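One structure is given here, and the rest of the page talks about it.
The values are calculated or read from the model by the stated rules, or taken from the named source; none is laboratory data. What you see is a predicted model, and the numbers here were worked out from it, not measured in a lab. Counting neighbours? That spans all protein chains shown, and the Cβs are built from the backbone with ideal geometry, glycine included.
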Amino acid sequence: MKILLFISVLFLLSLTVSAQRFPDRFYVSNPLFNFTANVETGSTSLLNSISGWGEFGAYRIQRDAEHAWYQKLGAFVEFFRTGDYESFSFLSSIEFIANPDNDIRFKPRSIFWEEGFLYSRKADSFFWQIGYFHRCKHDIDNYLYGKERALIFGSLQSKIIFPFDFLNESDNALFAVRTELYTILQDNRFPISWMSHSYNWKQLIGSLGINFNFTKAISEKHWHYYLNSYSMINLFGKEEGFTNRFNGLQRANFNGGLSTGISLRGKAEIRLGLTYEYLSDTGINPYPESAYLISIGISVLDFNSIK
């Protein structure tokens with residue numbers, strides 16, 4: 001069953017899929033993963049924990065004109081935890097993109113940002129989460145191009161996380177299902193003539209996504225193999241407007257990616273890996289533009305709370 005699940009996820013990720021980009025799309029954050037921060041049953045601890053991750057890399061082998069380098073940062077602060085089953089946190093993450101259009105081949109181009117509040121709850125064999133997230137994208141140093149795209153969108157998010165044993169190792173894998181119901185939607189383009197070009201994010205209704213992540217020890221102590229993957233389907237209405245979006249379905253877009261490599265684990269974890277991703281709308285230029293992307297990167301994360 002677990003092998004079938006693994007093959008099915010890889011099949012989904014091989015499709016030419018696309019949608020908007022979330023900075024944390026390859027990661028699953030959950031303060032309750034970290035059992036060392038649990039408190040006594042019936043007790044509540046304030047400002048109980050803090051955790052984060054960071055990543056830097058270069059797009060190589062396969063990329064478009066807008067992608068040469070990237071940097072990602074993410075963190076959460078756990079405002080309170082009750083026992084080992086309940087948590088409330090603030091999360092934030094950013095994704096910075098640079099293209100090669102200057103003399104040092106590192107020109108800041110765009111930044112994607114998200115922040116929100118998340119309630120997490122432990123059930124018998126899984127976790128569930130619910131929260132609200134604000135997201136935006138803004139251009140950087142775009143005066144030479146004479147074009148601009150600003151994206152602002154917020155959503156109600158829910159997620160179910162299923163940890164499980166995989167490849168004869170205990171509690172080293174997870175499968176997560178997430179949904180997004182969009183509330184605030186802006187897709188501002190300049191020149192304005194691009195507003196009528198194809199679909200825009202003002203028509204977003206909701207999203208359904210999955211993550212399949214696992215690690216596997218390759219030495220007795222510190223070395224591991226890892227694989228993080230995601231896929232998401234987005235639903236676009238035929239019209240703009242908060243309620244008009246639900247009058248009919250115009251299209252369904254997908255995105256997906258897979259990141260894999262080796263890691264060195266101590267009190268934190270350092271990863272070196274290769275990432276493949278496809279986006280039909282990168283969100284950078286003022287018109288939907290697709291990209292196949294392969295990157296090489298190094299990342300650091302708190303593996304106790306972020307998988």
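Worth pointing out:
- Selection status of Ser155, surrounded by 20 or more Cβ atoms within 10 Å (Cβ to Cβ) and touching a residue at least 24 places away in the same chain (Cβ under 8 Å): yes
- Identity of the residue in the range 104-129, among the acidic types (Asp, Glu) and assigned to a strand (DSSP E or B), that ends up farthest from Phe22 (Cα to Cα): Glu115
- If you go through the range 263-299 and pick out every residue that is exposed (fewer than 15 other Cβ atoms within 10 Å of the Cβ) and touching a Gly at 6+ places or on another chain (Cβ under 7 Å), you end up with 3.
- Of all residues in the range 188-229 being touching an Asp or Glu at 6+ places or on another chain (Cβ under 9 Å) and among the charged types (D, E, K, R), the one that is nearest to Phe246 (Cα to Cα): Lys202
- Some residue of the range 50-66 being outside any helix (DSSP H, G or I), basic (Lys, Arg) and surrounded by fewer than 19 Cβ atoms within 10 Å (Cβ to Cβ): yes
- Flag if Phe214 is without any contact (Cβ under 8 Å) to a residue 60 or more places away in the chain, under 18 Å from Arg21 (Cα atoms) and either in contact with a helix residue (DSSP H, G or I) (Cβ under 6 Å, 6 or more places away or on another chain) or surrounded by 14 or more Cβ atoms within 10 Å (Cβ to Cβ) (or both): no
- Restricting attention to the range 190-228 and to residues that are aliphatic (A, V, I, L, M) and more than 14 Å from Gly261 (Cα to Cα), the residue that is modelled with the highest pLDDT turns out to be Ile210.
- The set of residues in the range 231-245 being touching an Asp or Glu at 6+ places or on another chain (Cβ under 9 Å) and not charged (D, E, K, R) consists of Met232, Asn234.
- Scan of the range 107-144 for residues that are surrounded by 14 or more Cβ atoms within 10 Å (Cβ to Cβ), over 30 Å from Phe80 (Cβ atoms), more than 16 Å from the chain's Cα centre (by Cα) and among the hydrophobic types (A, V, I, L, M, F, W, C), ordered by number: none
Matching residues to (1) at pLDDT 95 or above; (2) buried (at least 19 other Cβ atoms within 10 Å of the Cβ); (3) more than 19 Å from Lys202 (Cβ to Cβ):
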| position | (1), (2), (3) |
| --- | --- |
| Gly146 | no, no, yes |
| Leu151 | no, yes, no |
| Leu174 | yes, yes, yes |
| Asn188 | no, no, no |
